[in-house]
Amino acid sequence: MREKARRKQAMKAALDAGADGLLVTHAPDVRYLSGFTGSSGAVALVGGRAALFTDGRYTMQAKAEAQGLKLVIDKRSPGVQAVEWMASAGAKKCAFDAGQTSVAALELMRKAMPGAVRRSFFLSTNGLVARIREVKDADEVELMRKAATLGCDLFSAVLQYFVSGAKETQVAAQLEFMARLAGVDAMSFETIVASGERSALPHGRATGAKLPKKGFVTLDFGVLLGGYCSDMTRTVHLGRAGERERDVYHSVLEAQEAAIATVAPGVRCGDVDEAARSVLRKAGLEKAFSHSTGHGVGLEIHEGPRIAAKQEQVLEPGMVITIEPGAYLSSGAALKGRRLASRSKRSKQVPKPFGVRIEDMVLVTDSGYEVLTAASAKDWIEL
Ligand code: ZN
Ligand code: ZN
């Protein structure tokens, strides 16, 4: 059973960190280690023993989903129950994830411990289970491949709604409606539709803004299928584009493909980022690329590893990452090589801000990479 093997791996990581027990309360980690998908629960590991704690709302669900570990249903806080059980099971030092535990929750768990061990019982760690989750097994890869392929299908299907005058929210609604009909659990994050001048916003959530007659539309979205996220971005142009728009698009595409080409086991994440960044630097777009190149994806939309400048972490087979460089130009930057126009002088000749981002999901394989979103072409699209 895969959850059992994962628990063994997690317990080993806790032992390596200097603990003899592991407390897990972050829902994606709980799911990963137990199969339980409820929003409130805790998994506790002590040696070879494992228990799941949740409340009465989840009795049936927990029984159905979580197997091979002790199940405790109680209305008290799952974390408190878990640490009490760990102490009674003989644990002396409990590793917990500081990045996923509120100060209030830790206080509550501390108070539940006898005074004598209260200070020494808890060992603060960071992302211990998250790091294990970075490397996907074959079943997880299969789910992610399905989610990614569905994302590509949805992108092709929603293009018909990219019509000048339609609202961004209408495009998002059509996409999400089709995704639901296709059987997704949910969208993996709030759909980004950034059109016209709004394409210059790296994270432009769909608004009531209308798609322009002439300008870019960036669609960044993902579906959640079988618990796993997809994530992709395509940018298309409505109407006839100028030379500058085309150039920027092709620079971003070149940067994206250069970064993908570097993906292989043993490659530093910082070097993948640099591959994209150096292309944009040569094109004079370094400042316009204001975020990192990508991120891990899985049960959560943003996981490790970080594909960012100077990241020393190396890629391993089974990791699924995004490669998503972009260029976002203010009106001044869009007016390359000319004096920045002042507000009062704005005229039809002053280029409007615009942006381009292209994102794929990439699996690190034993020998290189596989683009999971390859079914969706990245050629220039002018509608
Ligand atoms: Zn995205
Ligand atoms: Zn992303």
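The table below gives the values:
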{"read-out": "Yes/no for R240 being farther than 15 Å from I323 by Cα, more than 18 Å from the chain's Cα centre (by Cα) and part of a loop (DSSP other than H, G, I, E, B)", "value": "yes"}
{"read-out": "Extreme residue, farthest from P305 (Cα to Cα), among residues of segment 85-128 that are open to solvent by 50 Å² or more (accessible area, probe 1.4 Å) and of a type in the set (S, T, Y)", "value": "S88"}
{"read-out": "Qualifying residues in segment 129-182 (those that are within 21 Å of P265 (Cβ to Cβ) and among the β-branched types (V, I, T)) - the one surrounded by the fewest Cβ atoms within 10 Å (Cβ to Cβ)", "value": "I132"}
{"read-out": "Every residue from segment 262-288 that is open to solvent by less than 10 Å² (accessible area, probe 1.4 Å), within 26 Å of C229 (Cβ to Cβ) and not in a helix (DSSP H, G or I)", "value": "V263"}
{"read-out": "Given (1) free of Cβ contacts under 8 Å to residues at least 24 places away in the same chain; (2) surrounded by 20 or more Cβ atoms within 10 Å (Cβ to Cβ), number of the condition E190 does not satisfy", "value": "(2)"}
{"read-out": "Test set (1) part of a strand (DSSP E or B); (2) more than 14 Å from ligand 1 (Cβ to nearest atom); (3) among the polar types (S, T, N, Q) - T233 fails condition number", "value": "(2)"}
{"read-out": "Residue match in segment 242-254 (condition: open to solvent by 40 Å² or more (accessible area, probe 1.4 Å), of a type in the set (V, I, T), over 18 Å from F155 (Cα atoms) and away from ligand 2 (no atom under 14 Å from the Cβ))", "value": "no"}
{"read-out": "Within segment 317-328, considering residues that are in a loop (DSSP other than H, G, I, E, B) and away from ligand 1 (no atom under 15 Å from the Cβ), the one nearest to R31 (Cα to Cα)", "value": "G318"}
{"read-out": "Candidate set: segment 301-316, residues that are open to solvent by 50 Å² or more (accessible area, probe 1.4 Å) and within 16 Å of ligand 1 (Cβ to nearest atom); chosen: the one nearest to E274 (Cα to Cα)", "value": "R306"}
{"read-out": "Hits in segment 358-376 - residues which are closer than 18 Å to V158 by Cα and either open to solvent by 60 Å² or more (accessible area, probe 1.4 Å) or modelled with pLDDT of 95 or more (or both)", "value": "I358, E359, D360, T373, A374, A375"}
{"read-out": "Qualifying residue in segment 160-167 (condition: within 16 Å of ligand 1 (Cβ to nearest atom) and either within 30 Å of K287 (Cα to Cα) or not basic (K, R) (or both))", "value": "no"}
{"read-out": "Positions within segment 182-207 being more than 16 Å from ligand 2 (Cβ to nearest atom) and among the basic types (K, R), in sequence order", "value": "R198"}
{"read-out": "Number of positions in segment 189-224 that are of a type in the set (S, T, N, Q) and within 15 Å of F155 (Cα to Cα)", "value": "2"}
{"read-out": "Enumerated helices (runs of 4 or more DSSP H) restricted to segment 55-138, each holding at least 1 residues that are farther than 25 Å from I301 by Cβ", "value": "59-65, 78-88, 103-112, 115-118"}
{"read-out": "Residue, surrounded by the fewest Cβ atoms within 10 Å (Cβ to Cβ), within segment 9-39, restricted to residues that are without any contact (Cβ under 8 Å) to a residue 24 or more places away in the chain and under 24 Å from G227 (Cα atoms)", "value": "S39"}
{"read-out": "Residues located in segment 207-236, provided they are touching a Lys or Arg at 6+ places or on another chain (Cβ under 8 Å) and not hydroxyl-bearing (S, T, Y)", "value": "G208, A209, K210, L211, K214, G215, L219, D220, L225, G226, G227, R234"}
{"read-out": "Residue within segment 287-300 that is of a type in the set (D, E, K, R) and within 16 Å of ligand 1 (Cβ to nearest atom) present", "value": "yes"}
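Table: residues versus (1) surrounded by 20 or more Cβ atoms within 10 Å (Cβ to Cβ); (2) more than 16 Å from ligand 2 (Cβ to nearest atom); (3) modelled with pLDDT of 60 or more; (4) of a type in the set (A, V, I, L, M).
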site	(1), (2), (3), (4)
T322	yes, no, yes, no
P325	yes, no, yes, no
R343	no, yes, no, no
R346	no, yes, no, no
K352	no, yes, yes, no
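For every residue, the table says whether it meets (1) at positive phi; (2) under 24 Å from the mean Cα position of the chain (by Cα); (3) more than 16 Å from ligand 2 (Cβ to nearest atom).
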position: A209; (1), (2), (3): no, no, yes
position: G215; (1), (2), (3): yes, no, yes
position: D220; (1), (2), (3): no, yes, no
position: L224; (1), (2), (3): no, yes, no
position: M232; (1), (2), (3): no, yes, no
position: H291; (1), (2), (3): no, yes, no
position: G296; (1), (2), (3): no, yes, no
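The values are calculated or read from the model by the stated rules, or taken from the named source; none is laboratory data. Because the structure is predicted, anything quoted here is derived from the model rather than measured. Virtual Cβ from ideal backbone geometry, glycine too; neighbours counted across all protein chains shown. Only protein heavy atoms, including side chains, enter the accessible area calculation; ligands, DNA and RNA are left aside. Shrake-Rupley method; radii C 1.70, N 1.55, O 1.52, S 1.80 Å.
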